[in-house]
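Visitor: Quick one: the structure is below, questions incoming.
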Amino acid sequence: MRQKFGDTSGYSLTVYPDYASLERPDPADARRVLRYSYRGGWGDPSTSAKDERDVLVDLAAFDVEEVVGLLRGAPETLGINAADVDNIYLSIDPSSDITAPPGAIDLSIYVSSEFGSGYVELNADGTVNLLHEPDEALTDFPVPGDGLIGFGDVLLVLSAWGETESEADAT
């Protein structure tokens, strides 16, 4: 990206296993977005009208090593069998948090399979912000308390991961 365009600025970048999709400003018309596809090289862009969601950010403003590590482990993190994964991708967009500082980005890893889909929202430093597991990933676990599955329940399940049934029941 830097080699082709001279910087890593853009409106959105989505990275799939075999290609990527990038949205950047049109230098000839500030009202337009250029959408590029990368498949071993950058293709010719398509165009669309710019809207309020198209905020220019540095799409490389994150800890690449941490995020790549999380990307590799995302199926397991979400309780999806790696052999069942149909699709996995990383999405990098301007932050949707109105309280975030200018230039902040949202990172999300999406994993889908025949048996359910989920995603992980990340902070730029590679720490996990939120887990959105597929419903099927939690159906084998008893849900304590009010019957609703919240973040604390996910932490409880993750803390008991790999323990025998009797050890998990004791916690």
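The values are calculated or read from the model by the stated rules, or taken from the named source; none is laboratory data. Owing to the predicted nature of the structure, the values given are computational and were not obtained by experimental measurement. With ideal geometry, Cβ positions are generated from the backbone for all residues, glycine too; neighbour counts draw on all protein chains shown. All accessible areas refer to the heavy atoms of the entire protein, side chains included, with ligands and DNA or RNA removed. Shrake-Rupley method; radii C 1.70, N 1.55, O 1.52, S 1.80 Å.
Visitor: Taking the stretch 71-86 on its own, how many of its residues are open to solvent by 50 Å² or more (accessible area, probe 1.4 Å) and part of a strand (DSSP E or B)?
Guide: 1
Condition check ((1) within 20 Å of the chain's Cα centre (by Cα); (2) part of a strand (DSSP E or B); (3) among the charged types (D, E, K, R)) across all residues:
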{"position": "4", "(1), (2), (3)": "no, no, yes"}
{"position": "17", "(1), (2), (3)": "yes, no, no"}
{"position": "23", "(1), (2), (3)": "yes, yes, yes"}
{"position": "28", "(1), (2), (3)": "no, no, no"}
{"position": "36", "(1), (2), (3)": "yes, yes, no"}
{"position": "44", "(1), (2), (3)": "no, no, yes"}
{"position": "52", "(1), (2), (3)": "no, no, yes"}
{"position": "67", "(1), (2), (3)": "yes, no, no"}
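Visitor: Would you check which residues across the stretch 1-59 are in contact (Cβ under 8 Å) with a residue 40 or more places away in the chain and open to solvent by less than 30 Å² (accessible area, probe 1.4 Å) and list them?
Guide: Once the filter is applied, which keeps residues that are in contact (Cβ under 8 Å) with a residue 40 or more places away in the chain and open to solvent by less than 30 Å² (accessible area, probe 1.4 Å), the stretch 1-59 yields 8, 10, 11, 12, 13, 14, 54, 57, 59.
Visitor: Which of the residues belonging to the stretch 110-135 are in contact with a Phe, Trp or Tyr (Cβ under 6 Å, 6 or more places away or on another chain) and either among the acidic types (Asp, Glu) or assigned to a strand (DSSP E or B) (or both)? Steps first, please.
Guide: Step one: list which residues in the stretch 110-135 are in contact with a Phe, Trp or Tyr (Cβ under 6 Å, 6 or more places away or on another chain), which gives 110, 119, 124, 132.
Those that are in contact with a Phe, Trp or Tyr (Cβ under 6 Å, 6 or more places away or on another chain) and either among the acidic types (Asp, Glu) or assigned to a strand (DSSP E or B) (or both): 110, 119, 132.
Visitor: Could you run through the stretch 54-65 and say how many residues are in contact with a Pro (Cβ under 6 Å, 6 or more places away or on another chain) and not in a loop (DSSP other than H, G, I, E, B)?
Guide: Final tally of qualifying residues: 1.
Visitor: Residue under question is residue 97, and the condition is that it be in a loop (DSSP other than H, G, I, E, B), farther than 16 Å from residue 70 by Cβ, at pLDDT below 95 and more than 12 Å from the chain's Cα centre (by Cα); does it hold?
Guide: Details: in a loop (DSSP other than H, G, I, E, B): yes; farther than 16 Å from residue 70 by Cβ: yes; at pLDDT below 95: yes; more than 12 Å from the chain's Cα centre (by Cα): yes.
Yes, satisfied.
Visitor: Restricting to the stretch 112-127, name every residue that is of a type in the set (Val, Ile, Thr) and either over 11 Å from residue 74 (Cα atoms) or modelled with pLDDT under 90 (or both). Before the answer, list the steps.
Guide: Here is the first cut: in the stretch 112-127, the ones of a type in the set (Val, Ile, Thr) are 120, 127.
If the condition is that a residue be of a type in the set (Val, Ile, Thr) and either over 11 Å from residue 74 (Cα atoms) or modelled with pLDDT under 90 (or both), then 127 is the only one that fits.
Visitor: Given (1) open to solvent by less than 70 Å² (accessible area, probe 1.4 Å); (2) under 24 Å from residue 83 (Cα atoms); (3) modelled with pLDDT of 55 or more, identify the lone condition not met by residue 137.
Guide: With (1) open to solvent by less than 70 Å² (accessible area, probe 1.4 Å); (2) under 24 Å from residue 83 (Cα atoms); (3) modelled with pLDDT of 55 or more applied to residue 137, the lone miss is (3).
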